[in-house]
Structure formats: structure tokens, C-alpha cells
């Protein structure tokens, strides 16, 4: 009975048209062209490498896409238990008519060819969007992205700012900023004004969020121009800066971004907790990990200073979920945002989803985003989340609290779609 | 079958007469007089504020109670998913004959009026106690509370000591202490003796516990008189003290409290992990949060130094639960105590309850306290806990371990009632 | 239906012949001789002490085994809820024909006598191994263990190295090393070569792992000979060393162990997170606890430096599980290893087992080890784990992902047995 209830709720949630509020889609090449685009997703390359496939075999220069898939397939057996492989199989079944229980060395070539055939159809991108019930897809754009040549009402720009905050010490970043803004940074004021022109450019082109990923020990604070000026001058001269000075510059840039988020009414997505390049011999995008010893108390000054800025927050460590729930329960400007990366597996999503639904105002929760690089992943990833959400709605609300199914579905609708519209101001 | 089993166990647990071992009840005004007393609970004001209601509207000076409720009701829809609103509805249903699914702008006035009518009955307090199966209720008394004018066998005094430990640097605290004890503090010895006279006063009046809430970075240690003396003299002169000196003074006061707990055989409730005033623009009592980076290892010296003192411990961070389980499993003087504040939602209670029942001696667990400010909340809060406890007893003990229902109910009885009597020495 | 499915999977898992990859068995006295060997396990003594039994009564010099059991039995009622007591009862039922619901002051003597009778049978050890389906049992050997007088193909040696890393500052450890290797340590080079000869001795005698338990703040790093030399000379002179120098020496010894693990192709079991002697007045082996504020990021340099060494990792804090899952998902040389000590209760195992199966390659997980001191404990401990594993396989794989039962059982087999063979190279 509880199972049938869950299925009915799930059926309703599956009929929803989605807006995916965070992805890494390239709008000029949103869908895949071969199965190598699917299986080149870092989840498969890093897990295959973790299970013993040498990086050199995965990332051999000039490697043919089909050969690459063939090599990864040799390790799929060792990964068959992972939820990530279940996404791959769901993609193969839903999009490529696959009906096996596993992708093996015996059957993968037929799937590869069938996929290539389907992907070659001129309307493949539209087919994927339609089958996945996707209406709009948020992007992750470099700050110097011209934002031209694609439909910004379908692919919604988002200003990604990691480079500005953590890599402005690199000449390359400064050159990119100069090129993008047409103005050179010579001091704190001109740095600020360059950032301002990025906001102008992005919001003119329909951007709906500013975003950044942050290491676990980052603690934003306001830095006065006078305090950052000597550091900035040193950086502009090309000097090496120590970690204290680099942190001062990072905090200045970050705080400036928050100020412009306020000015341009842009939500500021904070993705908290990643240490980059922990495993330097790992595959591309398979090198980052985390230190769970972090706290949202590090953001105390920020949340208090910017009551007018909405902060949708993702935490990498599952042990940060209760803090996120509690901070969103107390701070009007803190929003819970999806289930990120190492927390994006059913065992953690279920606990996190449950606690958020029990204690955070329903209007302050963005249920899920796919974080995908290729369009085909929205279907299995949202599918995974919806099944968990349906289960929680059935058990915690209909059964335990006596809610009607309609009301539970309505809560799910807000969680999956309505809040994305409201929080990111999608018309 | 498992559901019916759970229901039968729940039925037995519901028949228990309770002692609530931690509340903030004002014994001179224990029950509510209007629905504004219920909905003025910080859970509703802070959640309504989090969902967008300005603090100024909630806390407008001279605001009429009915108007206040009307304003909060406008935001209840946004909070309807929270467990806190489920408590509110259960109160309205159980006490005020409400039969709707939600409190809305259309129906709240009738409920308000009906509540006012019921609350005006001269025996309302007794009605609530009876309907809630409440026999005794622990208080949280300021150290200078005269403890007069109420029945201390019903409302059991508890010496709350936050001010003595963390605010003795304030002149106001020192004046209150002088007034309460009739003696002035001029050095470490007279500070100690003033504290001693508080214990004398409280235990004479039936106090059954000393209690304190502690920030996540507090680490108690023994301070010699000679080490605290210069700090104390500086404080008594009205000097500003630095954080290191303030911590020395806090540790001295705290350790002195533990010594008197030993002398007077009083359990010392430690409520560990709260950061005060993190969100300073928040509503009254809706400003505190936490830093999960804390550990019970900070209490190592204390637990070793006072084997004769019982420490019922509450942790604010759910990630501290396993430490609490493990420390209670090893230290004879450590007791697990309830599910506190940000950990007091079903998703966390269930995990914490389960692990405690699996690994802590059954005699060392205080299952639940309501933490309520008004009597009406015991019913839904204990109700929530009992439903979870019944589920865990049914699944983990009767089904998984083959226990009889009677034995499982007996375990639940100890957890809910028996241990409170034994640990706090209630006759 | 789901229950029957779980039971069928469990039945298959129960038929597996096990290799227990971590125990504290004494191969010269592997099985118990009286019930005091069973109830002398620190879980019972420390829990009985926690529930009020004075250490002096438990550890009275010259105490008769039967009298000791009688004393502990007086406290079993207070512990009857714990999973540890459920192991005890399962042992009494499965091995000693006990059919009661609890061991009490009224019935324990008969059980004691019956146990003594069974244990006196000459083939008792073989009976236990057979009934427990145990084929091989890993030991925890002191570095100076001669490894003689037992069958190393049944009881597999494992080089335990805590003393070398954390107690080389003690003269006793240095004397033991000299005696074991026949060579004296006079500098870094001879310390290294002494450690090398231990690896030679252990691997010649069939050792299949090197192991160590580590405090939560330990952070391994490479130490050059020149940096350790002055510290080592100071230690060899018998000087007291400060904590910084002691840490340098510990890191040197640890890193040297990892180098020899590489040279001898031995997995290096890391058991991370224990603080020793936190409760110094506790019973034997009942004094250790932990500080959850630790992170696997502390092992970053180690994991990168030794790609050729396999690190099966156990974490003491349950809040470290997600890090372990993520590090094993990224680093090819990190393996998840069992459920250790304070994390070894069903409430935690279930969450940890589920997340590992969902995100770590199936070939990189050692499901469980018993950590036992006496053979009789393998049966209830593996029994507890298998029941949880069967439940997770049924729910997450067969029901949620549509796997066949056969495939789910195959995954369980790998988790319980196959990976132990592969990772520890058992023929």
C-alpha cells in the first residue's frame, strides 16, 4: 500500500516539466555525439581508474572515442554496483533501446553504434530535452564567456566566479578579464569596476545566478580597499604572494561579487567544501576531494551583511547537511540547494531530503539540479531524486502526518520546479 | 503487521504518566492565555521570519496578541511542511477541537477565539497537564530566582548557570548575584562561596539539576584560585577583559559549579554546542546557531575529575550523536539526554534514538524532554518522540531481536519515565 | 515479500565460508575455556562498569573466572538492550544450547557449566571454526612475535606496528626491537633496517598485512633521515622528547613502514581515529574514545606517495564514513574496510554499508571483520553484518534497481569473501 502510494506520487512528479538550476552544459554542444561523451563523464573515468584502469589508457592523446569507450567498458563490471553506473544503464535503456542488465565487453559495441546513429539525428538535442521533460537549463559560464550564439531563454547563463576569486593571482586570469571587459585593472577601484561590467554583461544576457565553489577553509569577510591595495599592486607587478595575502585578495573579490549580486538582484550560489587537486595523478576532474572539518559559521559575517542577497547553498560534506538545514531555518537569505557531488547518492540524499522537508520552509528549498555536462544525464539523475522524494513524501507526509496525496504532490512540485522559478526569477 | 505492532507498543507508551526533565516553563504562568502564547514560540516566529515576514512586524511594540497571530498565520503556508507546524496543528486539534488540515487566513480567528475561551477556564493548566499525562515538569530557573509562589513538587526547580559562567564580566550579573546571596564577591573564595549559597538555596527548594548551555569551543579545565584571582580582580574593577582571561574566569566558575554538584549530589545537565547571536537581526530567541566542529574530547578532564557527578548531556549537532553514544558507553557518569533543538526533528531523532538504544546501557538514557515554554507543547512533542520510539522498539527489538512486546514496552517505559526518576532522584 | 527476499539472500550469504581479515585472536589459545573468556571481552566489562559495576570488582587480582562472570551478570539487565549483549546471547544459544531470553542471576551458572563442559572438548576450537564457517583468521601480532607454534595458513599473521610508530620513545620498545631483530638501532639507517628485517620475518611466515591504529590528529608526512637523526639520537640517549619531536619520529617510522609495505607488497591497514586512555579509571581496554574532528585529507600526501600500496581503511567516527567512501571512489589505493568498534552497531553499519555499496567500486570494499579476541564471536558479529547486508542488497539492488537475486548475492559474496582473497592475496 505504501509502495502503491509512492508510485502514484512518483507518477505525478514525473509529469513535471523541469528547470535544471545548475549544470555544466555547453550550449553550443549540449547533447552527446557518441557514447564517449556519456562515458567520458568524470564519474566513469574516475571510478574506472579507481578500480584499476591506468589514467594513461583513459586519457591517451588522440584516442578514438569508440576505443575509449571500449577501454572503460572493461572496468564497468567492477563498478556495476554504483549508482553512477545505474544512470548509464538508464540512459542506454531510455535513449538507445538497450535491454540488457549490464554493459559488457560483449554487447557495448552495438550500443555505441545505436547511440551514434540516434545522436546523429538533427533534432537529437530536442529529443533529449523533450524526453527528459526539460524546459530550461542553467549553465556555468566562465566570466569571459561572450554568451552569444545560443538561446539564452533555454540555456540560462550563470556567472561562474572561481577564477576571479581564487586565480586572480595568475596572469592568465587578469588577461582574460581585461579582454572581456576592455578595461585594465590597476587598483582596487578598477578591479571592482571590471567585476561590475561582468555583471552588466551577464544580466543583460539573461543570467539568473552568480556561482562559485569554495574550499572548506574559506571564510569570507569584508576587506577595505586600503587593505587590499598593496596586495593587488604586488599581484599586478607579477610578484608571488603568500597565502595570507592571497586570502585577502580572494576575500576582497568575493565580497565585491556579493555586493554586485545585491546591486543586480542576482542569487549567489555557494558550493561549499571542495579541496582541488587532492589526487594529482587522477583523471581529468577526478582529482578533487574534501575535508569535512568546515562549518557554515564561517559565513556568518556574509549572511548578516547581505540580507538582500539570496544564497542557494550546496554542501559537499554530508555531515554539513544539518548545519545547512539549521542556517536555512534561521537566515531568511539562506536556501538549501540540491545534493552535490559526493553527497549525490541515494543513501545521503534520502537523509538530507527528509531533514530539509521537516525543518526548512518549503519555499526555501531547491530540491535538485543535475550538475550534468551532457543533456542525457538529466533524465537518470532527476529520476533518482524523484524516486527518493516520492518515497519521503509518501512516508513522512501522507502516512505519518496524514496529508492528502494532492498536498504531498504539491509540496514535491514546489521542491522540484516552483522554487526554482521563484528563487531564480524565471518568468 | 509491523505497523500494528508499532501501534500496540505506541498505545502502551501513550498511557505513561510523564516527568518532563527539561523545560522553560514559567511556573507562575505555565499554560497559555491566548494562541499568541503558542504561536509566539520562537519556532514559529523565526520560521515565519525565515520565510519572509519582517521582524518588525512580528515584534512591533505593543502589538495585540490576536494581530500578532494573524500576521504569523500569513506565513504558515510556507512552513506547513515543518514538523514544528505539525506540533501546532496537533495542539489545535487536541486542545481546541480544530478539525482542518491547515491553519489559514480563513480559519485562524475561530481557532484563536476557541483557544482563548478554553484557556480562560480556571482549571486550564490542570486540564493541559492531565490531557498531556504530565505529572512533573522541570524548570529552568535563573540563579537569582526566589523559587517561591509555586508548587515545587509539580514544577521542579533547576539551577541554570549560563550567566554565572559566561556573563560574570557584566556588572548586572554581579549585582544580581549579590542581591540573591546577600553577600558580595571580592575574590575567588567569596565567588565560590556565593555559588555555594545558590546551591544551598536551590536544593532546599527541591532543585533536581544544575544546567548550562555551552558554546562549541568551550573546554572546561580546573583553574586554581591563584590563576583566576587577578582576572577576577580586574573584572570586579570593571575592566574590559580579553578572551583568554574571560575563558579563565568561565572555566573557574564552571569547575566550581561541578564541585558543588558533587557536594550537593545534583546532576549537571550540559547542553553542548550553541553559538549565541549568530544572526543578530533575527527575532527573539531566533538568532542562535552552531559550529559542528566540536568534540566531547573537550570534556575529558571534567568527566575524569568528577566521577561522582552525573552529566546528562545534550548535543546540538546531530554529528555529535555518535560521540555522545560512545562517551556514555564508556564513562559511568555520562548520560544521553533527549534530542535538542536543531536535532529535534524526526529525521535526526530516529537515527539518534536507534543508536543510543543499541549501544548505551538502558539505565543511562533520558529519552526526551520537551524544552517547552508553554505547557501545551508537551503533548505534540512527546507525541512525536513516542511515535519514533515505538517504531524503533518494534523494528529493532521485537522484529530484529525477537523480544516480546512486553519487554520492548518496558524498555520504552524506562527510557521515557523510569530513568528520569532514577537519574534526577524523583521520589 | 521484501522480507522473504531478504531471507533468501541472507540464506545464501550464510552458506559462505569466511576469511576474517582482522581479529585479535591468540592462535595458541584461540577459543574460550570458560564463559569468563567470553564475558571478559571489553564490551561487557566496560558496559557493566559504565552501568555502575566498580572496576575493582571486575579486575580484582586473582578473581575466579566463575565469580567474575557472576559479578558481570548482575549488570547484564542494565545492558540487555545493547547489540553487544545480543551477541552474547547468540553465542549462548548457538554454542551452549541456551534457550532463555536473558542471562540472569538465576540461570547463568547452568550456562557457565555447560559452556565449560563444551569448551573442554578437545576439538572445541575446530567445532567453533566449523559452526562459524570460518576458514582463515587474520591475527594482530606484536612486531616481536616469533610466529611459531601455530598453523599460519589458518591463523594468518599481521604485523601490528603501533608500538614502533608511537612508543619507540620507550626503552622497552627499543629493547624488544633489538631482541626481535638481533641488531641494535643507533641511527635512522639502522632503525630502517631493523624495520626491514621485521617485514622479512613476517612475510616469510605468511603475513598478509601490516596494520596500525592512529589518533585523530595524526598526519603522516615524509621525514628525511637528516631531520629525524637528532630526534632519534636524543631518544636513544634516553632524553624526554617534546611532542613535535615525538611526532617527527612517529612520522619517520610510519613512512618507513609504508615504504616496506611497497617493497613487500603488503596491504597497510589503517585504523584511523582513536584517542587512547581518555578514561584512565576505566577497565582494561575500556578507556579509549575519539575526537570526530579528523579528516582523510590528513593522508593526502601518503596516498599520493604510495600508489603501489593498498590501504584498507577503517574509521572510528561514523561521521568519517562519507570521506572514506569518497576517497575510496577517487584513490585507486584506498579500500573501505569493515565497521570499526564504536561504528560497529547496526544503526551505523546500515548507513555506511549502503553508501559504500552505492558509490565505491565493488572490488574495493572489505565488508566486515570481527575484531574478536576469542573465536566464538565471529558467529554473532558476522551474523549481525550479514543480516544488514542482506537487507541492503534486497532493498537497494533487487527492489530499487531491479537486479536479479543471484546478482545481488554475488555482490554480497564479493563483499564478504572474494575481496578479502584478492586484496590480501589469499590463495
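Laboratory data are not the source of any read-out in this text; all were calculated from the coordinates shown. A quick note: this is a predicted structure, and the numbers were derived from the prediction, not measured. Neighbour counts are summed over all protein chains in view; Cβ atoms, including those assigned to glycine, are modelled from backbone coordinates with ideal geometry.
A few remarks follow.
- Closest approach of a chain C Cβ to the axis relating C and B (residue, whole Å): C:319, 3.
- Pseudo-label separations to other copies for residue B:243 - Cα-to-Cβ vector, 7 Å, nm: 1.9, 1.9
- Within chain C, helix-based [θ] at 222 nm, where runs of 4 or more DSSP H residues each add -39,500 (n - 2.57), nearest 500: -14500 deg cm²/dmol
- Euclidean distance of C-alpha centroids, segment A:161-221 and segment A:99-160, integer Å: 29 Å
- If both residues of a DSSP beta bridge must be in chain B, then about 10% of such bridges are antiparallel.
- Here the calculated FRET efficiency for residue A:2 and residue A:101, from their Cβ-Cβ distance with R0 = 35 Å, stands at 0.80, rounded to the nearest 0.05.
- Shortest-first nm distances, residue B:101 label point to equivalent points in other copies (7 Å, Cα→Cβ): 4.2, 4.2
- When the P(r) of segment B:262-411 is calculated, the portion above 23 Å amounts to 42% of the C-alpha pairs.
- Among A:148, A:161, A:169, residue whose mean-square fluctuation peaks in a GNM of chain A (springs only between Cα atoms under 10 Å): A:148
- The GNM of chain A, with springs linking C-alpha atoms under 10 angstrom apart, assigns the highest mean-square fluctuation among A:61, A:230, A:332 to A:61.
- Annotation for residue B:153 and residue C:126: the two label points, set 7 Å from Cα along the Cα-Cβ direction, are 7.0 nm apart.
- With a 10 Å cut-off around each Cβ of A:401-410, the average count of Cβ atoms from other chains is 2.
- Neighbour-count order for B:181, C:243, C:319, fewest beta carbons within 10 angstrom listed first: C:243, B:181, C:319
- Chain B: most fluctuating residue of B:262, B:189, B:328 per GNM, C-alpha cutoff 10 Å: B:189
- C-alpha center-to-center spacing [segment C:271-305, segment B:317-394] in angstrom: 26 Å
- Chain C shape via C-alpha gyration tensor axes, a/c threshold 1.5: oblate
- Shape category assigned to segment C:30-167 from the gyration tensor of Cα positions, a/c cut at 1.5: oblate
- Residue list for segment B:274-309, given a label point 7 angstrom along the Cα-to-Cβ vector of residue C:56 and an amide N cut-off under 20 Å: B:304-309
- Shown for B:421, C:280: other C-beta atoms within 10 Å of each C-beta, ranked fewest to most, produce the order C:280, B:421.
- Shortest-first distances to equivalent copies, position residue A:204, nm, label 7 Å out along Cβ: 8.0, 8.0
- Segment C:121-166 - percent relative contact order, Cα under 8 Å, separation 6 or more: 38 percent
- By the count of other C-beta atoms within 10 Å, a proxy for reagent exposure, B:400, A:97 are ordered fewest to most as A:97, B:400.
- For segment C:356-427: rounded, prolate or oblate by the Cα gyration tensor [a/c cutoff 1.5]: oblate
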